[in-house]
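Heads up: the structure comes next, in structure tokens.
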Amino acid sequence: MKLKLKLKPALTQKPREMVNKVTTAVRRKVRRRPHGAKPKRKGPPEALVGFGRFVANPRRFGGFVSGPALAAAITAEIDPAAGPVLELGPGTGVFTRALLARGVAEADLILVEADPKLAARLQSAFPQALVLACKAGSVTATMLQGRFAERRPAAVVSGLPLLNFHGDEVESIIAAAFALCAPGAALYQFTYAPRCPVRDHIKARLGLVARRTARVWRNVPPAFVYRIETC
Ligand SMILES: C[S@@+](CC[C@H](N)C(=O)[O-])C[C@H]1O[C@@H](n2cnc3c(N)ncnc32)[C@H](O)[C@@H]1O
């Protein structure tokens, strides 16, 4: 019996043309990222950028760039439908990306970053977010005009190294954050110590309570997440 082999036109093309076709198809598929998938990151890896900023200012940067397990744990209770999210000390954007992966709209993000270089990097990575290049304790409601005037943040995620800060600074940061938020908002804070980094007397003065929501062993170093809210 004689076999008649019908080759598809693509298979009869030269190898170089075929490689080009496959590359274009793959690129198209990668660009069409499904909702909730990891957003694209440009430039050097976060750990490298974080290390550079840590060398520039160790006390302010705090130490380590958080890993994906901590990013998932600190954003786990965020409801994207509840309203905008205020992020304090986003640094290289590890928690920011986790918030986007949870379905928070980029335009619903307010990112407060004191390091001007990191703030500029965040603005180019997340062009629809409101990026404020200033200290977290100095943010006032007038800085959240426009789309955030009516829709106040429903939650706060903090990557600030609070253990490095004086008590007065911690109190002014936490007070300013809750003053910006809608009633009932919760603030999520991570720490490497097994107790809440906002001390009891500060919480009592501000009328706040805290509870631990996660222990994250798969982070370097292992970390804890606290949810802080009004009593
Ligand atoms: C440890 S890094 C955390 C970055 C990221 N969220 C993470 O977990 O990898 C802390 C970030 O907080 C910023 N930061 C420190 N003090 C701040 C302040 N008072 N207001 C706003 N940002 C501050 C630092 O510049 C740094 O980018």
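Taken together, the values in this text are just the output of simple stated rules run on the coordinates, not laboratory data. Everything numeric in this text was worked out from a predicted model, so none of it was measured. Here Cβ is always computed from backbone atoms with ideal geometry, including for glycine, and neighbour counts include all displayed protein chains.
Descriptive notes on the structure:
- Placing a pseudo-label 7 Å from each Cα along the Cα-to-Cβ vector at residue 105 and residue 69 gives an inter-label distance of 3.5 nm.
- Vicinal HN-Hα couplings computed from phi for segment 158-165 (Karplus, 6.51 cos²θ - 1.76 cosθ + 1.60; Hz; Gly/Pro x): 10, x, 5, x, 4, 5, 7, 9
- Calculated from backbone phi, Karplus (6.51, -1.76, 1.60) coupling profile of segment 139-144 in Hz, x at Gly/Pro: 6, 10, 4, 5, 7, 9
- Note on segment 64-178: Rg/Rh from Cα positions, Kirkwood definition for Rh, rounded to two decimals, is 0.93.
- Potential extension, residue 205-residue 124 segment - 0.36 nm per residue separation minus Cα distance: 25.3 nm
- Of the residues 188, 226, the one with the fewest other Cβ atoms within 10 Å heads the list, and the complete ranking is 226, 188.
- Exposure proxy order (Cβ contacts within 10 Å, fewest to most) of 106, 46, 113: 106, 46, 113
- Residues 172, 124 arranged by fewest to most Cβ contacts within 10 Å: 124, 172
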